[in-house]
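Shown next, in structure tokens, is the structure this report addresses.
Bear in mind these aren't lab numbers, they're just calculated from the coordinates by the rules spelled out. Nothing here was measured: the structure is a model prediction, and the numbers come from that model. Cβ placement follows ideal geometry from the backbone for every residue including glycine, while neighbour counts extend to all protein chains displayed.
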Amino acid sequence: MKNIFLVVCVFAFAATAFGQPESKVIGQARSLIADKKYESAYKALDAEDPKNNNPEIVLLKEEIVLKYFITSIMHQMFALKDLEKNEDIMDYRGKEGSFGMYVFAPDSVLTRLIKKHPDNYKLYKGLGDFYYDVNLKYPGQWLKEEEELQRLINKNYQIAIDHGLGDDHVFYALGYILLSNKQNKEAIPYFLQSIALKNDFADAHYNLAYAYLFTDDRENAIKYAKNAIDLYKEPELKSDAARIVAQAYVELHDDKNAAIYYEAANTIDTGNYENIKPMLDLYVRTGNPKRADALNAFFLLAPEKPTIYNNLADIYMGYDKTDELISFLKSKLPVYETQKNIYGNLHFYLGKLYLVSDKKTAKQYFLKAKDIFSTVYEKDHAVFKALDEGIEEAETK
């Protein structure tokens with residue numbers, strides 16, 4: 001995670017909260033949270049219970065640091081800030097600033113409290129919540145190995161479930177871990193249980209669709225991905241869900257509906273590489289007349305990057321439509337004559353495409369590309385080795 005460069009370390013203290021009854025300070029803290037006064041809420045709780053001996057206060061402190069931190073140092077120290085009503089945590093998260101920094105290690109504190117209060121099962125759920133958040137925020141980079149983290153998540157959440165504390169988040173988290181380990185079939189019941197507890201949980205619908213897609217249950221993949229489209233508000237996430245629907249229709253050999261949902265995905269999140277590439281592939285395979293516009297849109301994503309040309313070659317050569325791509329790339333030559341890196345790419349990839357059918361022409365394009373790139377790159381650039389290899393192949397009979 002990004003570090004904040006100007007962090008003011010503050011020892012949490014709030015004299016006004018000191019000595020208040022626990023129920024009152026909890027209520028005060030929740031009111032402050034509702035007003036986005038996250039640092040003040042934490043300070044009020046810490047003043048009441050500075051040694052972290054009260055389970056109720058500790059769990060609310062954990063909630064504050066996990067949900068509302070500005071920056072985190074290994075989830076053992078947290079920067080917090082009071083916001084205005086019109087501000088959002090994401091306006092500050094990971095950015096430079098001067099914030100209060102609080103030392104609080106939920107794993108150590110909760111583990112200690114569990115030993116003192118082994119029958120308080122909220123503590124186990126809280127510990128599971130912490131380890132799950134660490135698993136998301138510090139994948140493979142935390143104080144414990146990922147395998148150990150996942151074992152601890154499962155252990156603590158299972159105790160919570162066994163004692164009636166398994167909510168939609170708990171079941172979702174367990175499903176997500178299984179899905180991330182490619183245990184797609186095993187993840188499905190957890191996502192279903194999460195949805196049963198919270199029917200409008202968009203992430204659960206989305207990941208359930210993903211799990212069904214990779215267990216070849218395409219009809220259910222379509223059903224839950226469509227639910228996710230309706231539930232998500234963020235364009236990128238709605239687009240991702242639409243793309244799952246499209247992929248499922250492709251696998252069902254329903255090209256008409258696949259095109260509808262790839263187009264929907266691209267309309268929702270226009271110019272996304274992950275949308276345009278499979279849409280173009282479908283158009284080329286099916287001879288869709290929209291393929292010319294899709295080809296141009298895909299090319300314009302990054303005409304300076306080799307990835308675009310390699311993707312285009314894979315698509316058009318794969319469907320034996322190389323001539324169509326050659327014609328398109330040639331049409332771009334006069335457009336990019338002054339942009340030497342793109343102009344060189346066009347010649348280089350035209351050379352590669354011609355290698356299959358016309359080696360003489362291929363060599364001419366490679367030689368021209370070499371001249372162009374000599375004005376752009378140093379002599380030891382990797383492109384010259386690739387060009388020399390292309391020229392050598394073009395010269396063989």
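A simple packing score, the average count of other Cβ atoms within 10 Å per residue, orders the peptides 31-37, 379-385, 141-147 as 31-37, 141-147, 379-385, with the highest score first. Which of rounded, prolate or oblate describes region 88-213 when judged by the alpha-carbon gyration tensor and an a/c cut-off of 1.5? Oblate, because a/c is 1.5 or more while a/b does not exceed b/c. If you sort the three axes of the alpha carbon gyration tensor as a ≥ b ≥ c, you get a/c of 1.5 or more for region 167-301 and a/b above b/c, which makes it prolate. With axes computed from alpha carbons, what is the tilt in degrees of helix 22-34 against the longest principal axis of the chain, rounded to the nearest 10 within 0 to 90? For 22-34 against the chain, the angle is about 30 degrees. Mean separation of Cα pairs under 8 Å and 6 or more residues apart, divided by the residue count, gives the chain a relative contact order of 7 percent.
Any idea what angle helix 184-197 forms with the longest principal axis of the chain, computed on alpha-carbon atoms, 0 to 90 degrees, nearest 10? Computed tilt is about 50 degrees. State the percent of C-alpha pairs, over all pairs in region 44-85, separated by a distance greater than 17 angstrom. So the pairs more than 17 Å apart make up 35 percent of the total in region 44-85.
A value for volume of the Cα convex hull per residue in Å³ was derived from the coordinates, and within the list [x] 203; [y] 138; [z] 194 it appears as [z].
As a rough guide to protection, the peptides 225-237, 199-211 ranked by mean Cβ packing within 10 Å, highest first, stand as 199-211, 225-237. Across the alpha-carbon set of region 107-165, the Rg to Rh ratio works out to 0.98, Rh being the Kirkwood radius. Per residue of the chain, the DSSP helices (runs of n ≥ 4 H) give a summed -39500 (n - 2.57) that works out to -21000 deg cm²/dmol at 222 nm. Between helix 322-332 and the chain there is an angle of about 80 degrees, using the helix long axis and the longest principal axis of the Cα atoms. When only Cα pairs under 8 Å and 6 or more residues apart are kept, what is the percent relative contact order across region 133-217? Here the relative contact order equals 21 percent. Each residue in Leu83, Leu387, Leu110 was given a count of other beta-carbon atoms within 10 angstrom of its own, and listing them fewest first yields Leu83, Leu387, Leu110. Give me the base-10 log of I(q)/I(0) for region 43-145 at each q in 0.10, 0.18 Å⁻¹, Debye formula, one uniform scatterer per Cα, rounded to two decimals. Those come out to -0.29, -0.90, one per q. By definition, a body whose alpha carbon gyration tensor gives a ≥ b ≥ c is oblate when a/c is 1.5 or more and a/b is not larger than b/c, and region 316-397 fits this oblate description.
Residue exposure proxy: Met101, Met90, Met77, ordered by other Cβ atoms within 10 angstrom of their Cβ from fewest to most, comes out as Met90, Met77, Met101.
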